[in-house]
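Take a look at the structure below.
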Amino acid sequence: MKNLKKILAIVLAAVFVFALAACGSKEEAQSLTIEEGKLIMATNATFPPYEYYDGDDIIGIDAEIAKLIADKLGLELEIEDVEFDSIIPGVQSNKYDIGMAGMTVTDERKEMVSFSDSYAKGVQVVIVKEDSAIASIDDLEGKKIGVQQATTGDIYASDDYGEENVTKYANGNLAVEGLKSGKVDCVIIDNEPAKAYVAANEGLKILDTAYAEEDYAISLNKSNTDLQKKVNDALKELIADGSVQKIIDKYISAK
Ligand code: GLN
């Protein structure tokens, strides 16, 4: 009898532990905020025309596409403005449901997060001062290059020209300030923000030759395959009915 009680207690304890473990893994896979009706998007709002401030609001291509996706999912979009290099860790820890920041799909990032289908193309370009001696990408050897920390511009430039020649800024604004004050000789950054920075600052230009071509996509937690599918389904519809193009035209082509 005593033994039976003991066995029963052990079995009950085991069931309890299993149940707890199951709950834990469910929490990991499914964000709690989504259960509360919110879709939390992490971005870095220094990246016009994809995400930037208009007064207190974050607007731009990514912000508008994300809003339409959230609408389709019946969720309320909440945007959090963070450093670019904390987006992926935050998606990995489920702090954010999606990362959307003109983010390029790369093999290294695919090890850490999953990506939606691509919704836009990006090109890495080089910004220099109008009177710069740098005329093309071939002149970059040994020059001081400014980049945004942890972006593909940073990764490629560090690989191609050596870490010691690359100054990493927290965001694009600061990199362009570094160029204007002569701390760096050029800035490698995505083409659309580059155009916006050149338009907003006197005496800068973009070199004709592109440095690298890339695909932008939304990053998600690897275990959240359900959300990935829903985001992809929503994106497909929004691409098919022309909504994505309309948003891109509003911020880029139509200008
Ligand atoms: N497309 C670049 C990257 O993913 C830059 C993105 C950004 O600065 N927001 O690394």
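Quick notes
- Once segment 182-219 is narrowed to residues that are among the hydroxyl-bearing types (S, T, Y) and under 18 Å from T151 (Cα atoms), the residue that is modelled with the lowest pLDDT is Y211.
- Residue selected from segment 89-120 under the condition in contact with a helix residue (DSSP H, G or I) (Cβ under 9 Å, 6 or more places away or on another chain) and of a type in the set (K, R), by the criterion nearest to the ligand (Cβ to nearest atom): R109
- Of the residues contained in segment 151-160, one or more are found to be without any contact (Cβ under 8 Å) to a residue 12 or more places away in the chain, out of contact with any Leu (no Cβ under 9 Å at 6 or more places or on another chain) and of a type in the set (S, T, Y).
- Unmet criterion (only one of (1) without any contact (Cβ under 8 Å) to a residue 40 or more places away in the chain; (2) polar (S, T, N, Q); (3) open to solvent by 60 Å² or more (accessible area, probe 1.4 Å)) for T209: (1)
- Hits in segment 194-248 (condition: under 22 Å from K129 (Cβ atoms), more than 16 Å from the ligand (Cβ to nearest atom) and touching a helix residue (DSSP H, G or I) at 6+ places or on another chain (Cβ under 8 Å)): N201, G203, L204, K205, L207, T209
- Index of the failed condition, V147 passing every other in (1) β-branched (V, I, T); (2) in a strand (DSSP E or B); (3) more than 15 Å from the ligand (Cβ to nearest atom): (3)
- Checking the stated criteria, I218 turns out to be buried (at least 17 other Cβ atoms within 10 Å of the Cβ) and not small (G, A, S).
- Filter result for K168 (open to solvent by 30 Å² or more (accessible area, probe 1.4 Å) and more than 17 Å from N44 (Cβ to Cβ)): no
Yes/no matrix, rows are residues, columns are (1) under 14 Å from the mean Cα position of the chain (by Cα); (2) aromatic (F, W, Y); (3) open to solvent by 50 Å² or more (accessible area, probe 1.4 Å):
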site: D107; (1), (2), (3): no, no, yes
site: V113; (1), (2), (3): yes, no, no
site: K121; (1), (2), (3): yes, no, yes
site: K129; (1), (2), (3): no, no, yes
site: S132; (1), (2), (3): no, no, no
site: I137; (1), (2), (3): no, no, no
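- Test: residue in segment 181-193 that is exposed (fewer than 15 other Cβ atoms within 10 Å of the Cβ) and either small (G, A, S) or under 22 Å from the mean Cα position of the chain (by Cα) (or both): yes
The values are calculated or read from the model by the stated rules, or taken from the named source; none is laboratory data. Small disclaimer: the values here were computed from a predicted structure and weren't measured. Positions of Cβ are backbone-derived with ideal geometry, glycine not excepted, and every protein chain shown enters the neighbour counts. Side chains included, ligands, DNA and RNA excluded: accessible areas come from the protein's heavy atoms. Shrake-Rupley method; radii C 1.70, N 1.55, O 1.52, S 1.80 Å.
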